[in-house]
Amino acid sequence: MALYEHIYLARQDISAQQVEALTEQCKSVIESLGGKIEKAEYWGVKSLAYRIKKNRKAHFTLLNIDGPAAALAELERQLGLNEDIIRFMTIRVEAHESGPSVMMRKRDDDDRGDRPDRGDRRGPRPDRGDRGDRGPRRPRDEAASSEEGTF
């Protein structure tokens, strides 16, 4: 049997429980035709790069599938008929990733908080020898009054 990665996007206005029910429906279709779902990851609600069927956000779910091509064809046929699914994509792969997917690792990295703050990167400005001194600064009201008459 072949290995596949299948991702589907569900409408934003359905609940997470309904997305889980869609995943179970996918699992039953695959298993009834001789395949199996090795991993199912719910990535949550994410913003879309552009509007798809009037939706700006969607529930993302990844399925790692080990099954025959006929099982995938039936799954895609049924997802195409479902009004809650706005997009899906299936890719044949040589091997499945072990452990969490990249999207889940990214979320873990963001949650750790061990990245330096943006303020830590700032320090004293380096010397810019190619530029001269700017001179003394003028107060704002004086600068505005001198610029009013020049046209």
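Over its Cα atoms, what ratio of radius of gyration to 2.2 N^0.38 Å does region 1-83 give?
Details: Rg = 12.9 Å, N = 83, 2.2 N^0.38 = 11.8 Å.
Normalised Cα radius of gyration, region 1-83: 1.09.
How far is it, in nm, from the label point at Lys36 to the one at Ile91 when both lie 7 Å from their Cα along the line to the Cβ?
According to this spin-label approximation, the distance is 2.4 nm.
Sort Ile7, Ile65 so that the residue with the fewest other Cβ atoms within 10 Å of its own Cβ comes first and the one with the most comes last.
Ile7, Ile65
Trypsin sites (Lys or Arg not before Pro), restricted to region 28-113: which are DSSP loop and have at most 12 other Cβ atoms within 10 Å?
Passing sites in region 28-113 are Lys53, Lys54.
Treating only the Cβ of Lys, Arg, Asp and Glu as charged (+1, +1, -1, -1), what charge dipole size does region 10-111 show about its Cα centre? Round to the nearest 20 debye.
Here the size comes out at about 580 debye.
What percent does the relative contact order of region 10-111 come to when contacts are Cα pairs within less than 8 Å and at least six residues apart?
Numbers: 105 pairs, mean separation 30.3, N = 102.
Relative contact order for region 10-111 comes out at 30 percent.
Arrange Asp13, Asp130 by Cβ neighbour counts within 10 Å, fewest through most, would you?
Exposure proxy ranking, most exposed first: Asp130, Asp13.
Could you put Leu63, Leu75, Leu33 in order, starting from the residue whose Cβ has the fewest other Cβ atoms within 10 Å?
Leu33, Leu63, Leu75
We did not get these values from a lab; they are worked out from the coordinates using the rules stated. Computed from a predicted model, the values in this text were never measured in an experiment. Don't worry about glycine lacking a Cβ; one is built from the backbone with ideal geometry, like all the others, and counts go over all protein chains shown.
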